[in-house]
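Report on the structure given below.
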Amino acid sequence: AGTVEFLVDKHKNFYFLEMNTRLQVEHPITEMVNGIDLVKEQIRVAAREKLSFTQEDIVSSGYAIECRIYAEDGFNNFAPSTGIITEIIFPHGLGVRMDEGIRVGQEITVYYDPLLGKLITWGKDRKTALQRMIRALKEFQIAGIETSIPFCLMVLQHNSFQEGNYSTHTLDTIKNELLEAVNIYKKEHNWAARIGAVHAHHKSQQTIITRKNQNKPNNWTVSGRMDELQ
């Protein structure tokens, strides 16, 4: 048993790439479209059991997209990023699946594969799956290290990908456009971070003032205490 990979050109010609005796990183795509748990079936085969379905039982439905989330800077030649994860906000919602193994406080080093997780979306058509992926990428936040999230978001929002007009050369063609877009993205996030920091500071000051006021007795309390002294 294994997974076979092909490239397909615009004329629907298939070109063999490789065959691996294991599941591919993209296996959730197959699972989402066909409703089959491939990992479970793999374990069944290893236990000398039969598959729980036949080829005739497989019915494909809808479209699925997967983004690999790496600890890499997609706009700096995919340079590795190391450090400690300080915050994570995972995306949720209809048709959204997240396969991951990361936690806040976890250190990302250079000694292991930089793959942090896989974000998968499904939809009844390509447009729906794509819209859900873009929304999920916007919700997905990892602080403390650089990730491929902004890169994936910029690529999926580009017209060439939106229209389905792309190839293995597309990234080289739209590279400058993506770099310009990411500069705007970083500026917006820097401003958002500054605003968030100011808001957090004011909130902490208000909390301190509130606590001081809570500790200060009101006029009714003072009057009652004076009566007790008489």
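Taking the options THR128, THR147, name whichever one is touching a Gly at 6+ places or on another chain (Cβ under 9 Å), within 17 Å of MET98 (Cβ to Cβ) and of a type in the set (S, T, N, Q).
Only one candidate qualifies: THR147.
If you go through segment 117-132, how many residues are outside any loop (DSSP other than H, G, I, E, B) and over 9 Å from the mean Cα position of the chain (by Cα)?
10
In segment 40-68, how many residues are loosely packed, with under 15 Cβ neighbours inside 10 Å, among the aliphatic types (A, V, I, L, M) and either in contact with a strand residue (DSSP E or B) (Cβ under 9 Å, 6 or more places away or on another chain) or under 30 Å from ARG135 (Cβ atoms) (or both)?
Total satisfying the criteria: 2.
Can you tell me how many residues within segment 141-167 are under 20 Å from ALA79 (Cβ atoms) and among the aromatic types (Phe, Trp, Tyr)?
1
Using beta carbons and a limit of 6 Å, which pairs, at least six apart or on different chains, have the first residue in segment 23-40 and closer than 19 Å to THR54 by Cα and the second one among the acidic types (Asp, Glu) and assigned to a helix (DSSP H, G or I)?
LEU38/GLU31
Only the coordinates and a few stated rules stand behind these numbers; no lab work does. Here the structure is a predicted model, which means the values were calculated and not measured. We place every Cβ from the backbone using ideal geometry, glycine too, and count neighbours over all the protein chains shown.
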